[in-house]
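Visitor: Dumping the structure here so I can ask a few things about it.
The values are calculated or read from the model by the stated rules, or taken from the named source; none is laboratory data. Only a predicted model underlies this, so the values are computations on that prediction, with no experimental measurement involved. All Cβ positions, even for glycine, are placed from backbone atoms using ideal geometry, and neighbour counts span all protein chains on display.
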Amino acid sequence: MARRSRSGRTSRPIAHVSLVDRVTSELRASILTGEIQPGSSVSIVELCELYDVSHIPVREALRRLESEGIVSLRPGRSALVADLSTEDLSDIYRLRRLIEGDLATKAARQMTDDLIAEAEAALDEYVAIEREPAALAAAHHAFHATLLSDVMGTADKNVLELLWHSADRYLHLLMQDLDHTPETKEHRISEHRELLVLARDRKAAAFKKAWIAHLDASERSLMAALGNRAVADSA
């Protein structure tokens, strides 16, 4: 039950907030890993039984995931998990290019040695990870977010986190369909190292160009994997 503090503000119980966070995290993970398949319907009643909670945190978790474009709430007591589509993937990367490209230019102009060191550590961690989607995504985001951290405002961060979560879903679900040859992996790593060098040299125009090229390459890889998945499903 909500209570009023002496200042007159209404507060919510901390336990309730943390419960919603946990349900959101668990549900997101189940969708990202494919345990709950794209295009499938999920019952609120069944989720309540699965997580042993009331419908309130489940509904709030679904609302949060709906804001990320992962699910769509339906009339009644269910939600529909978003399907994978070329249109959605294209939209995600179109928006990322617009926002991240603008931020990359600003970031390169005021890059610090401390941020370079942090980004280098994140890249080392990324390179060491072998095909584990959650760990790959976390290290990848740490690298990119570190390089942009000094120029990201609250709105930038909120929007980018939504886009990154959306892109992560494709990475998780298409991991087996991606090209995993040593040459492909080395090229991906070299793209990140180039970004690090350009950031260190404060070459704003070149840094933005390389950043956009990296996003383009990521989109092409996921599009190809999505096409391979479609062909396999129709066979």
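Visitor: Return a yes/no flag: does segment 150-173 have any residue that is among the small types (Gly, Ala, Ser) and surrounded by fewer than 19 Cβ atoms within 10 Å (Cβ to Cβ). Break it down into steps so the answer makes sense when it comes.
Guide: Initial filter on segment 150-173 (among the small types (Gly, Ala, Ser)): 153, 155, 166-167.
Remaining after also requiring surrounded by fewer than 19 Cβ atoms within 10 Å (Cβ to Cβ): 153, 155.
Yes, some residue in segment 150-173 is among the small types (Gly, Ala, Ser) and surrounded by fewer than 19 Cβ atoms within 10 Å (Cβ to Cβ).
Visitor: For segment 162-172, check the following and say yes or no: at least one residue is over 19 Å from the mean Cα position of the chain (by Cα) and among the acidic types (Asp, Glu). Lay out the reasoning, then the answer.
Guide: Looking only at segment 162-172, we keep the residues that are over 19 Å from the mean Cα position of the chain (by Cα), and these are none.
Looking for residues that are over 19 Å from the mean Cα position of the chain (by Cα) and among the acidic types (Asp, Glu), one finds none in segment 162-172, hence no.
Visitor: When you scan segment 52-66, how many residues do you find that are assigned to a helix (DSSP H, G or I), touching a helix residue (DSSP H, G or I) at 6+ places or on another chain (Cβ under 7 Å) and not basic (Lys, Arg)?
Guide: Filtering segment 52-66 for residues assigned to a helix (DSSP H, G or I) gives 55-66.
Cutting the leftovers down to touching a helix residue (DSSP H, G or I) at 6+ places or on another chain (Cβ under 7 Å) gives us 55, 57-61, 64-65.
Restricting the remaining residues to those that are not basic (Lys, Arg) gives 55, 57-58, 60-61, 65.
Final tally of qualifying residues: 6.
Visitor: Something else about it: Among the residues of segment 23-36, count how many are at pLDDT below 85 and either farther than 13 Å from residue 134 by Cα or surrounded by fewer than 19 Cβ atoms within 10 Å (Cβ to Cβ) (or both). Let's see the steps before the verdict.
Guide: Step one: filter segment 23-36 for residues at pLDDT below 85, giving 32-34.
Of the ones still in play, those that are also either farther than 13 Å from residue 134 by Cα or surrounded by fewer than 19 Cβ atoms within 10 Å (Cβ to Cβ) (or both) are 33-34.
Final tally of qualifying residues: 2.
Visitor: Taking segment 177-196 as the search range and keeping residues that are over 19 Å from residue 151 (Cβ atoms) and of a type in the set (A, V, I, L, M), which one is surrounded by the most Cβ atoms within 10 Å (Cβ to Cβ)?
Guide: 178
Visitor: Among (1) within 14 Å of the chain's Cα centre (by Cα); (2) not charged (D, E, K, R); (3) not in a helix (DSSP H, G or I), where does residue 180 come up short?
Guide: (1)
Visitor: Quickly run through segment 68-101 and pick out the residues that are surrounded by fewer than 14 Cβ atoms within 10 Å (Cβ to Cβ), in contact (Cβ under 8 Å) with a residue 24 or more places away in the chain and of a type in the set (Asp, Glu).
Guide: 83
Visitor: Separate question: Using the structure shown, decide if residue 49 is out of contact with any helix residue (DSSP H, G or I) (no Cβ under 7 Å at 6 or more places or on another chain), farther than 15 Å from residue 172 by Cβ and either in contact (Cβ under 8 Å) with a residue 24 or more places away in the chain or not assigned by TED's automatic domain parsing to the domain that holds residue 166 (or both). Working first, answer last.
Guide: Numbers: out of contact with any helix residue (DSSP H, G or I) (no Cβ under 7 Å at 6 or more places or on another chain): yes; farther than 15 Å from residue 172 by Cβ: yes; either in contact (Cβ under 8 Å) with a residue 24 or more places away in the chain or not assigned by TED's automatic domain parsing to the domain that holds residue 166 (or both): yes.
Judged against the criteria, residue 49 is a match.
Visitor: Report, by residue number, each residue of segment 148-183 that is touching a residue at least 12 places away in the same chain (Cβ under 8 Å) and hydroxyl-bearing (Ser, Thr, Tyr).
Guide: Passing the criteria: 149, 166, 170.
Visitor: Please enumerate the residues belonging to segment 37-51 that are crowded, with 18+ Cβ neighbours inside 10 Å and part of a loop (DSSP other than H, G, I, E, B).
Guide: Within segment 37-51, none qualify.
Visitor: Residues being of a type outside the set (Val, Ile, Thr) and in contact (Cβ under 8 Å) with a residue 40 or more places away in the chain: count how many of those fall in segment 184-200. Spell out the reasoning first.
Guide: Within segment 184-200, the first condition is being of a type outside the set (Val, Ile, Thr), and the residues that meet it are 185-188, 190-196, 198-200.
Subset that is in contact (Cβ under 8 Å) with a residue 40 or more places away in the chain: 192-193, 195-196, 198-200.
Residues flagged as of a type outside the set (Val, Ile, Thr) and in contact (Cβ under 8 Å) with a residue 40 or more places away in the chain within segment 184-200 amount to 7.
Visitor: Return the residues of segment 31-45 that are closer than 22 Å to residue 167 by Cβ and in contact with a Lys or Arg (Cβ under 8 Å, 6 or more places away or on another chain); say none if nothing qualifies.
Guide: Residues satisfying the conditions are 31, 32.
Visitor: Taking the condition assigned to a loop (DSSP other than H, G, I, E, B), more than 27 Å from residue 219 (Cα to Cα) and at pLDDT 90 or above, does residue 20 pass? Steps first, please.
Guide: Details: assigned to a loop (DSSP other than H, G, I, E, B): no; more than 27 Å from residue 219 (Cα to Cα): yes; at pLDDT 90 or above: yes.
Considered against the rule, which asks whether it is assigned to a loop (DSSP other than H, G, I, E, B), more than 27 Å from residue 219 (Cα to Cα) and at pLDDT 90 or above, residue 20 comes out as no.
Visitor: Still on this model: Find all pairs meeting these conditions: Cβ atoms under 7 angstrom apart; at least six residues apart or on different chains; first residue within segment 123-147 and in contact (Cβ under 8 Å) with a residue 12 or more places away in the chain; second residue of a type outside the set (A, V, I, L, M, F, W, C) and surrounded by fewer than 14 Cβ atoms within 10 Å (Cβ to Cβ).
Guide: Pairs found: 131/180.
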